[in-house]
Amino acid sequence: MSRIPSGRKGIFTKELPGPSTPFREAVMEAESHGIGGLYLGSPRSISPELNPAELAEAGQFAGSRGVTLGISAGMLNPYQPGRSEEALAAGSGDWALGLLRLIEAARCLGQREVMLVVGTEYDRFNRSVEWGEQLKAVAGFLRRITPDVRSLGSRILIKTHQEITSWEVIRLLDSLDPELFAAAFDPVNLIVRMENPLAAAERLAGRIGQVHLDDARLQWRGSGLARALCPIGSGCIRWPELIMKVRTSDPDAWYWGELHQAELVMPFLSPGWFTDHPDIMLEEVSSWLGGAQPLTAAPESLVGSRAGRVDALLAFLDYHC
């Protein structure tokens, strides 16, 4: 049960074969590796004007090669509209219209699900706008466009990105239509919020539409821990057990290989950190401490030289399917 279901594994185009690779070549590269999914990001990478005929042709080509396309609609935070570049461009400045156009474009590409990111760590710790108010604004916006999402027959997946906890994603989902909204589960981001991915998977059980595959080591720093990215299978995430949990709770979830870039610090020893994370219990934080590497010279980062991480990701996808 720790194997990824056949036909439900993919990789981000930025990892393989690369963001500048022409679409058809990228699809054939994924096919040559036996990977059934290619995460494009924005549908505007196929057709900047979101031409339905161009998108449908691209989707048909990918389908003919047995490759499913993954789609993102970018960021969503009413207090940071400038970050929603894709939606603003797609809607000629109308954010809601642009987001719906991106969702419709995903349907043209043969994909009913799109991923949304709420923001960045800056937003969580932005003292001018309380984080809870930002999340309320996100929920309100999504409720307003719910009838349109339903009419398109689509589903939005809210990513457990670096700034948001699994508890906060759950509360967002609780306020939305469960048939139209679910989670994009990214464990290597949840550890930045000092969450145990296994516990987070249990919290999100039944609501996971996709899983992002990557790994990291935990290193002690003066104010807490740091996330040091590493080849999958050599870090702190217990992937076989995690896959087993998700396969049990969400058997239709997709698994996408995504190499992260930011090596972030988790300063949980700093005053106020637990106040900013009111859901997390000491028991969950303490479950990580024994797995952190001691205060020694950090190993060489693999962010700048990613070839080893890509190779490990391909091997992982091959073995666990």
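Within the stretch 178-197, residues that are over 19 Å from Arg124 (Cβ atoms) sit with their Cβ atoms under 6 Å from residues that are small (Gly, Ala, Ser) and not in a helix (DSSP H, G or I), at 6+ positions apart or across chains, in these pairs: Ala182/Gly209. Among the residues making up the stretch 57-89, those that are without any contact (Cβ under 8 Å) to a residue 12 or more places away in the chain and of a type in the set (D, E, K, R) are Glu57, Glu85.
Restricting attention to the stretch 90-107, the residues that are part of a helix (DSSP H, G or I) and free of Cβ contacts under 8 Å to residues at least 24 places away in the same chain total 3. Scanning the stretch 78-109 for residues that are at pLDDT 95 or above, over 11 Å from Ser154 (Cβ atoms) and in contact with a Pro (Cβ under 7 Å, 6 or more places away or on another chain) gives Cys108, Leu109. Within the span defined as the stretch 177-200, one or more residues are closer than 25 Å to Gly37 by Cα, charged (D, E, K, R) and touching a strand residue (DSSP E or B) at 6+ places or on another chain (Cβ under 8 Å). Looking across the stretch 238-271, the residues that are assigned to a loop (DSSP other than H, G, I, E, B), without any contact (Cβ under 8 Å) to a residue 60 or more places away in the chain, under 18 Å from Leu225 (Cα atoms) and touching a strand residue (DSSP E or B) at 6+ places or on another chain (Cβ under 9 Å) come down to Gln261, Glu263, Pro267, Leu269, Ser270.
The values are calculated or read from the model by the stated rules, or taken from the named source; none is laboratory data. Note that the structure is a prediction, hence the values are computed from the model and not measured. Glycine also receives a Cβ, built like all others from the backbone with ideal geometry; neighbour counts cover every protein chain displayed.
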